[in-house]
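**Student:** Handing you a structure now.
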Amino acid sequence: MRSQTTFGAVALAIGTLTASAAQAQLPDPGLVVDPEHTAFVLIDPQNDFLSPEGVTWGLVGKSVTANGTVENIERLLKTAKKTNIPVFVSPHYYYPSDHGWQFGGAVETMMHGINMFERKGALTVQGFEGSGADWLERYKPYLNDGETVVASPHKVYGPESNDLALQLRKRGITKVILAGMSANLCVESHLRGLLEQGFEVAVIKDATAAAQAPGLDGYAAALVNYRFLANTIWTTAEATGAIEAATATKVGRSE
């Protein structure tokens, strides 16, 4: 009842402001890490995005390097595993049957054209090891530990086409710490999809990156929308600090 009253008061206050004032005073609702109900969700931690040998490196490499994306994702994985925060991965795979699609958007068409996230089939891992669709090598100790939940692949950008929300709900997860690739496409789409499904979401702004092209900066575009949409935006340091503080408190109470 208290949270509803607070939410209603904030909404009413914003409604009385002019558009410019509302923008200046946009609230930051925040996210309180509850170890029993919080998960780290990682989007597309795959070679085609994060390796210099990946097929999109020419578009995303500058942003990945500037943000320290690869290193920051690893810090989040290490912290999650150390504190027993569950890790979920929403990967992106394309099978030969997917090339029968008759239309697609701009980046979607590009991804098919450069054979991004290509696998030989849903029921085989032939040629998968070390491919563009495989995990970045440094993440494998965290993701292949038998504890990480790997959802079925999403096929365009958002989680509407996979079972991520189901996997989260079946484990009682209501709060998501979100990171991965790429900022204005799959990460933003997962943010929107999870919010629509009733999850609280914190986005980690330096554990993502995006394509840059002449006159187009996908990362800058994503940051704007994150601010309007997410419960909060954290740096990796803020996220790991919040996780460690929450789990330390839980251990202290249990003792």
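The numbers here are math on the coordinates, done by the rules we state, and not lab data. In this text, all values refer to a predicted model and were calculated from it rather than measured experimentally. Glycine also receives a Cβ, built like all others from the backbone with ideal geometry; neighbour counts cover every protein chain displayed.
**Student:** Relative contact order for the range 31-254 using alpha-carbon pairs under 8 Å, separation at least 6, rounded to a whole percent?
**Tutor:** 29
**Student:** What's the exposure ranking of 178, 143, going from fewest to most Cβ atoms within 10 Å? Kindly include the intermediate steps, with their values, before the conclusion.
**Tutor:** Working: 178 26, 143 18.
The most exposed by this proxy come first: 143, 178.
**Student:** Still on this structure, I have one more. Using amide H atoms built 1.01 Å from N in the peptide plane, name the residues 5+ places from residue 206, or on other chains, whose amide H lies under 5 Å from its own.
**Tutor:** 236
**Student:** Report the residues of the range 33-63 in range of a label on residue 106: point 7 Å along Cα→C-beta, backbone N strictly under 15 Å from it.
**Tutor:** 59-60
**Student:** What number, in nm² with one decimal, is the all-direction average of the projected area of the convex hull of the alpha-carbon atoms of the range 126-202? Each step should come with its number before you reach the end.
**Tutor:** Values: hull surface 23.3 nm².
Projected over every direction and averaged, the Cα hull of the range 126-202 covers 5.8 nm².
**Student:** On full extension of the chain, what length is gained from residue 32 through residue 248, given 0.36 nm per residue of separation minus the C-alpha to C-alpha distance?
**Tutor:** 76.4 nm
**Student:** Could I ask something else about it? Tell me, what HN-Hα J-couplings in whole Hz come from the Karplus equation 6.51 cos²θ - 1.76 cosθ + 1.60 at θ = phi - 60° for each residue of the range 161-177, using x for Gly and Pro?
**Tutor:** Per residue, the Karplus-derived 3J(HN,Hα) values read 9, 10, 9, 4, 4, 4, 4, 5, 5, 5, 10, x, 7, 10, 10, 10, 9 Hz.
**Student:** In whole Å, what is the distance between the alpha-carbon centres of the range 156-177 and the range 42-66?
**Tutor:** If we compute the Cα centre of each part, the gap is 23 Å.
**Student:** Only bridges with both residues in the chain count here: give the DSSP antiparallel percent, nearest 5.
**Tutor:** So the antiparallel bridges amount to about 10 percent of the total.
**Student:** Based on the Cβ-Cβ distance from residue 137 to residue 114, what FRET efficiency comes out when R0 is 22 Å, to the nearest 0.05? Can you show the working numbers first?
**Tutor:** Values: r = 21 Å, r/R0 = 0.96.
Efficiency, from the Cβ-Cβ distance: 0.55.
**Student:** Moving to a separate point now. Of the residues 167, 197, 25, which exhibits the maximal mean-square fluctuation in a Gaussian network model of the chain defined by a 10 Å Cα contact cut-off?
**Tutor:** For the chain, modelled as a Gaussian network with Cα springs under 10 Å, the answer is 25.
**Student:** Can you work out the PRE-style zone for residue 97? Point 7 Å along Cα to Cβ, and I want the residues of the range 154-188 with backbone N under 14 Å.
**Tutor:** Within reach of a label on residue 97: 155.
**Student:** Also, quick follow-up: Hey, can you grab everything whose amide H is under 5 Å from the amide H of residue 230? Only 5+ residues off in sequence or another chain; H modelled, so Pro and N-termini drop out.
**Tutor:** Amide H to amide H, under 5 Å and 5 or more residues apart or across chains, residue 230 pairs with nothing.
**Student:** Taking Cα atoms, how many degrees apart are the long axis of helix 236-254 and the longest axis of the chain, rounded to 10 and kept between 0 and 90?
**Tutor:** 60
**Student:** Further question: What's the angle, to the nearest 10 degrees (0 to 90), between helix 57-67's Cα axis and the longest principal axis of the chain?
**Tutor:** 30
**Student:** Quick check for you: which residues of the range 148-174 have the amide N under 18 Å from the point 7 Å beyond the Cα of residue 123 toward its beta carbon?
**Tutor:** Under 18 Å, as judged by backbone N against the label point of residue 123, lie 153 of the range 148-174.
**Student:** Pull out the extension gain between residue 71 and residue 25, defined as 0.36 nm times the separation in residues minus the alpha carbon to alpha carbon distance; nm, one decimal.
**Tutor:** Taking residue 71 through residue 25 to full extension adds about 13.3 nm, to one decimal.
**Student:** Can I ask one more? Mind counting lysine pairs for me in the range 31-254? Cα separation below 18 Å, and the two need to be 8 or more apart along the chain or on different chains.
**Tutor:** 11
**Student:** May I ask for the angle, rounded to the nearest 10°, between helix 69-83 and the longest principal axis of the chain, with both axes built from Cα atoms and the value confined to 0 to 90°?
**Tutor:** Helix 69-83 sits at roughly 60 degrees to that axis.
**Student:** Ordered by packing density, taken as the mean number of other Cβ atoms within 10 Å over each peptide's residues, highest first, how do 179-189, 114-124, 93-103 rank?
**Tutor:** On the way: 179-189: 26.1, 114-124: 15.7, 93-103: 11.6.
Descending packing order for the listed peptides: 179-189, 114-124, 93-103.
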